C-alpha cells in the first residue's frame, strides 16, 4: 500500500465493480456504512458531456468514531464523511482512502489524535483487504 501526503492507496487486478463491492464489504467489516455514492464518470457525462474513465466516490462513516470526533470538535462535520474512491486509469483499478491522521491534523486538537489514528488504521485495512495487498 502506498501512503501519499493525504491518501492510503493501492491498485488491484479486480475490475471497478468487483473492487467497489469488496470496498463496501470491507468498510462494513470495519464498522463503516456508506452514506453516499457518487458516480463521477456519469455526473461529468451528464453535466459537461465529458467522457472519462470510471470513478466512484464512497462516503463512509463509522458512527461511534464520528460521534466521538464531533463531540471533540462540532465543526468537524465539514470534513466528514471519510471518502474512499475506486477508479480506473489506463486499465488499472485504484482504491484510495483519505488518511484521517493527515486530514484531522489540520484541526490541531489533541482529543482527535487517537480517533484519527483509529480511523486511519481501519481505512488502511479496508484498502489492503479490498485490493488483496
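The values are calculated or read from the model by the stated rules, or taken from the named source; none is laboratory data. For clarity, every value in this text was computed on a predicted model and none was experimentally measured. All Cβ positions, glycine included, derive from the backbone under ideal geometry; neighbour counts span all protein chains shown.
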Residue 104 at pLDDT below 95, within 14 Å of residue 62 (Cβ to Cβ), surrounded by 13 or more Cβ atoms within 10 Å (Cβ to Cβ) and touching a helix residue (DSSP H, G or I) at 6+ places or on another chain (Cβ under 8 Å): yes
Given 70, 27, 44, which one is touching a residue at least 12 places away in the same chain (Cβ under 8 Å) and either outside any strand (DSSP E or B) or more than 21 Å from residue 132 (Cβ to Cβ) (or both)? 27
Would you tally the residues in region 113-127 being under 29 Å from residue 22 (Cβ atoms) and more than 18 Å from the chain's Cα centre (by Cα)? 1
Looking at region 46-63, which of the residues that are over 18 Å from residue 16 (Cβ atoms) and under 17 Å from the mean Cα position of the chain (by Cα) is surrounded by the fewest Cβ atoms within 10 Å (Cβ to Cβ)? 63
With criteria (1) over 23 Å from residue 3 (Cα atoms); (2) not in a strand (DSSP E or B), residue 102 comes up short on (1)
